[in-house]
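*Asks:* What follows is a structure written as structure tokens; I'll ask about it next.
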Amino acid sequence: MIASRIPLLVVSSLLLAATAAAATAAGKPPKETAFATREQLRACLDLDDAMKTRRRDIEASAAEHNRKFDANDAEDARLVEMKTRLDRSDKDAILAFNQAVTAHAQHTRELNEEAEAQEAGVKAFEADKAAMDDRCGGLSYRPGDVDAVNRERRKAAS
């Protein structure tokens, strides 16, 4: 008999708790929306502009790296062809080939170092973007403030 009362007591307790929570929530006035200041809006817009510039720089750097990578691949293909036509009895030809291989190895090392630096730059950008989103993403602005700040920015840009 006691075992059958336990579920009834649990359900009753839950209903009482839910009713009490609803009554408490109903008695509170709705939370007023807090708006960010114009200065915060200016700072977030400036930060966004800076992030856009950094993104363009990263994209341009990646395009240049890809161009160098393609040139390095072409250089590698020329070395393979050069090796097949190499006159192994001509010491000057062997010396020239070895110098070309050494230069290619240096280009490859430089590309790898550049790729590592770009990867670090992208990670830093992503971290800064996340920080900006945390700082600015949840802010609300009054429409009048947005209009005023946008007018200021257009005036400053012209």
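The values are calculated or read from the model by the stated rules, or taken from the named source; none is laboratory data. Keep in mind the model is a prediction, meaning the values are calculated, not measured. Please note: Cβ atoms are built from the backbone with ideal geometry, for glycine as well, and neighbour counts cover all protein chains shown. For the accessible areas, the whole protein counts, side chains as well, though only heavy atoms, and no ligand, DNA or RNA atoms are used. Shrake-Rupley method; radii C 1.70, N 1.55, O 1.52, S 1.80 Å.
*Asks:* As an exercise, use a Förster radius of 22 Å and the Cβ-Cβ distance of R67 and K129 to find the FRET efficiency, rounded to the nearest 0.05.
*Replies:* In this case the efficiency is close to 0.30.
*Asks:* Go through segment 73-87 residue by residue and turn each phi into a ³J(HN,Hα) via Karplus (6.51, -1.76, 1.60, θ = phi - 60°); whole Hz please, and just put x for glycine and proline.
*Replies:* Those phi angles translate into 4, 5, 4, 4, 5, 5, 5, 4, 5, 4, 5, 5, 9, 5, 7 Hz.
*Asks:* Please give the length that would be gained between N150 and A34 if that part of the chain were fully extended, namely 0.36 nm times their separation in residues minus their C-alpha to C-alpha distance (nm, one decimal).
*Replies:* 39.7 nm
*Asks:* For segment 69-144, state which trypsin sites (Lys or Arg not before Pro) are in a DSSP loop and have at most 16 other beta carbons lying within 10 Å of their beta carbon.
*Replies:* Those that pass, being in a loop and sparsely packed, are R85, R88.
*Asks:* Considering only protein heavy atoms and a 1.4 Å probe, what is the carbon-and-sulfur percentage of the accessible area of segment 39-148?
*Replies:* 54
*Asks:* Excluding residues fewer than 8 places away in the same chain, name every one of the aspartates and glutamates whose C-alpha is closer than 20 Å to that of K155.
*Replies:* Output for K155: E39, D46, D48, D49, D145, D147.
*Asks:* Still on this model: If you plug each phi of segment 34-39 into the Karplus form 6.51 cos²θ - 1.76 cosθ + 1.60 with θ = phi - 60°, what whole-Hz ³J(HN,Hα) values come out, in order, with x for Gly and Pro?
*Replies:* Result, ordered by residue: 8, 9, 6, 7, 4, 5 Hz.
*Asks:* Okay, moving on. Output wanted: per-residue J couplings in Hz (rounded whole) for segment 115-126, from phi through Karplus 6.51 cos²θ - 1.76 cosθ + 1.60, θ = phi - 60°, x for Gly and Pro.
*Replies:* Along segment 115-126, the couplings run 5, 5, 5, 5, 4, 5, x, 5, 5, 5, 4, 4 Hz.
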